[in-house]
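The values are calculated or read from the model by the stated rules, or taken from the named source; none is laboratory data. These numbers were taken from a predicted model, which means no experiment stands behind them. Positions of Cβ are backbone-derived with ideal geometry, glycine not excepted, and every protein chain shown enters the neighbour counts.
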Number of protein chains: 2
Amino acid sequence: MSEAPLAREALSHAPPAAVRAAVRARRWTGNTKRLALGHHQANVTIVPERHAFDFMRFCQRNPRAFPLLDVTDPGDAVPRLAAPDADLRTDIAAFCIYRDGRLTERVEDLRPHWRKDHVAFLTGCNLSLDQVLIEAAIPFPHLTRDDAFPAQYRASIACRPAGVFHGPLVVSYRPVPEHLLLRVIELTSRYPLSHGGPVHVGDPARIGIADLANVDWGQVPREEPGTVPCFWACGITAQAAALASGIPEIITHAPGHMFVTDLAVSDRTLG
Amino acid sequence: MSEAPLAREALSHAPPAAVRAAVRARRWTGNTKRLALGHHQANVTIVPERHAFDFMRFCQRNPRAFPLLDVTDPGDAVPRLAAPDADLRTDIAAFCIYRDGRLTERVEDLRPHWRKDHVAFLTGCNLSLDQVLIEAAIPFPHLTRDDAFPAQYRASIACRPAGVFHGPLVVSYRPVPEHLLLRVIELTSRYPLSHGGPVHVGDPARIGIADLANVDWGQVPREEPGTVPCFWACGITAQAAALASGIPEIITHAPGHMFVTDLAVSDRTLG
């Protein structure tokens, strides 16, 4: 059985289960952009059951940041709606563990850390739209350059709080060529389960981003003449809430290393 | 100050706050069809906090029945997203209280029954589409006849369970003229927050309804020659789950007496 690493292209049109198998076998450990194209990729946030209802209300109140795809029963590592043959503990390449509001550990296998009171929330992700954007020939850097990945920033937009959870909206940045601006707004607006349309277009300072080079997550973007800065709500908002809430423990996927679900992006709505 | 009852027509194009004020003053005590047209009407299900996370997962897993519009903090009777100046305890004309899996009481004012651990779930309702259907000239009986109201039935379709909550999907029935069938499917499918498209079209027996005259809620429908029976998921599914779960207490709006929110149906998605 081959253990050789796989190329991104080999997994771009693979079924979601094949991508998860590659992640599980550690034949794929990179970010998940352009993988299993056409399927929802999910942000994963794991909280103890005692904070789960607070977190679920936090998601419901901030649907731009947290379009809910699936929520597991306490102790169940199988996302029964989104990927019933998967195990969240092994099918994500890397996790971040936050304790008392600080990132304390990054792990590759969650099994030793999984507890019976853990609840996992799967929420939509912008990378799910890669196929839609490729088909529409939208030249986003993360699609046209192998080494590029979107930058993310804390915006000066507060999430609606719920229980112990609060914090800033985190946004992901993409430069949009001026002549494609309306097309990109229209296209992305059709997919509320993947954050929908942009929350801001234009001057980054208007949402508290003084310098695009000063990223909070992801890559420092190149200057792109002839483009308009566009910002979308981002699931990393959960990481910011983890830090702000200071609850004893919260676990997330490592940024960029999403969980690949069986859900088709073309479905638009759940159920 | 006039205390006279109002006519339905006086409230059809009234702002949602005016409808709620009329309900609060008991100048409107009937069902809410065709009221505050163009705004979301909500099913309301109130459970103790200890069952709230189970019920919220039950909603998320059965989005056809329970498109979530708002979830309150424990003890807060104000739906902060859906109608921030409302009070759920006074702004619904009648409530049903279920104890240990049985309907035990029907009350008009929830204030004496409200507790600090109560959590209210607001979920979408088919009546929210009345304006859309009127504009499209769809002659549903509940729109064309003042005394008509849709029938509801327990279908032989199981909800996905979550914690203590399980039970059958409850469906609402509307007879659709044959030549309008595709139009009605297309129109209603556009509104997932109001149950979306039908879950069944045609022979009622296929979803376990042996006799349309044997309704579980709502009115016995007339025979309507030249129509096709169509069934949509219905928020009364919460009542069926209340009965099936047998939890000590669950409170709902009385069927047909929905909570009128400020949310515009034309928005299609939240956030």
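Filtering region A:151-192 to residues that are in contact with an Asp or Glu (Cβ under 7 Å, 6 or more places away or on another chain) and within 14 Å of chain B (Cβ to nearest Cβ) leaves A:Ala162, A:Gly163, A:Val164, A:Phe165. Scanning region B:65-118 for residues that are buried (at least 22 other Cβ atoms within 10 Å of the Cβ), charged (D, E, K, R) and assigned to a strand (DSSP E or B) gives a single hit, B:Asp70. Scanning region B:21-74 for residues that are in contact with an Asp or Glu (Cβ under 7 Å, 6 or more places away or on another chain), among the charged types (D, E, K, R) and more than 9 Å from chain A (Cβ to nearest Cβ) turns up B:Arg24, B:Arg27, B:Lys33, B:Arg34.
Being of a type in the set (A, V, I, L, M) and in contact with a Pro (Cβ under 9 Å, 6 or more places away or on another chain) is the filter; apply it to region B:165-193 and report the residue that is surrounded by the most Cβ atoms within 10 Å (Cβ to Cβ). Step by step, filter region B:165-193, then rank; the result is B:Val171.
Just one residue in the set A:Ile185, A:Ile138, A:Ile209, A:Ile134 is in contact with a Leu (Cβ under 7 Å, 6 or more places away or on another chain) and either closer than 28 Å to A:Arg61 by Cα or part of a loop (DSSP other than H, G, I, E, B) (or both); that residue is A:Ile138.
Per-residue answers, yes or no, for (1) farther than 25 Å from A:Ala155 by Cα; (2) in the same structural domain as A:Glu108 (by TED's automatic domain parsing); (3) within 16 Å of the chain's Cα centre (by Cα):
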{"position": "A:Arg26", "(1), (2), (3)": "yes, yes, no"}
{"position": "A:Arg34", "(1), (2), (3)": "yes, yes, yes"}
{"position": "A:Gln41", "(1), (2), (3)": "no, yes, yes"}
{"position": "A:Val47", "(1), (2), (3)": "no, yes, no"}
{"position": "A:His51", "(1), (2), (3)": "no, yes, no"}
{"position": "A:Arg57", "(1), (2), (3)": "no, yes, no"}
{"position": "A:Gln60", "(1), (2), (3)": "no, yes, no"}
{"position": "A:Ala65", "(1), (2), (3)": "no, yes, yes"}
{"position": "A:Pro74", "(1), (2), (3)": "yes, yes, no"}
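For B:Ala155, the conditions (1) under 16 Å from B:Glu223 (Cα atoms); (2) in contact with a strand residue (DSSP E or B) (Cβ under 9 Å, 6 or more places away or on another chain); (3) of a type in the set (Gly, Ala, Ser) are fulfilled apart from (1). Every listed requirement among (1) on the phi > 0 side of the Ramachandran plot; (2) surrounded by fewer than 20 Cβ atoms within 10 Å (Cβ to Cβ); (3) in contact (Cβ under 8 Å) with a residue 60 or more places away in the chain is met by A:Gly256 save one, (2). Looking only at residues that are touching a residue at least 24 places away in the same chain (Cβ under 8 Å) and β-branched (Val, Ile, Thr) in region A:58-93, which one is nearest to A:Val19 (Cα to Cα)? The qualifying residue nearest to A:Val19 (Cα to Cα) is A:Ile92. Among the numbered conditions (1) among the acidic types (Asp, Glu); (2) modelled with pLDDT of 95 or more; (3) out of contact with any Asp or Glu (no Cβ under 7 Å at 6 or more places or on another chain), tell me where A:Asp100 comes up short. Condition (2) is where A:Asp100 drops out.
Considering region B:1-48, and only residues there that are in contact with a His (Cβ under 7 Å, 6 or more places away or on another chain) and in a loop (DSSP other than H, G, I, E, B), the residue that is farthest from B:Ile138 (Cα to Cα) turns out to be B:Asn31. Restricting the first member to region A:152-180 and to residues that are without any contact (Cβ under 8 Å) to a residue 60 or more places away in the chain and within 17 Å of A:Leu133 (Cβ to Cβ), and the second to residues that are assigned to a strand (DSSP E or B) and among the polar types (S, T, N, Q), the beta-carbon pairs closer than 6 Å and six or more apart or on different chains are A:Pro175/A:Thr227; A:Val176/A:Thr227; A:Pro177/A:Thr227.
The set of residues in region B:1-58 that are crowded, with 22+ Cβ neighbours inside 10 Å and on the phi > 0 side of the Ramachandran plot contains only B:Ala36. One residue stands out among those in region B:233-253 that are within 14 Å of chain A (Cβ to nearest Cβ) and either assigned to a loop (DSSP other than H, G, I, E, B) or touching a Ser or Thr at 6+ places or on another chain (Cβ under 7 Å) (or both): the one that is surrounded by the fewest Cβ atoms within 10 Å (Cβ to Cβ), which is B:Cys234. For region A:76-95, the condition of being in contact with a helix residue (DSSP H, G or I) (Cβ under 6 Å, 6 or more places away or on another chain), modelled with pLDDT under 95 and either under 23 Å from A:Gly163 (Cβ atoms) or more than 11 Å from every other protein chain (Cβ to nearest Cβ) (or both) holds for none of the residues. The residue that is surrounded by the most Cβ atoms within 10 Å (Cβ to Cβ), among those in region B:194-206 that are without any contact (Cβ under 8 Å) to a residue 40 or more places away in the chain and not in a helix (DSSP H, G or I), is B:Pro198.
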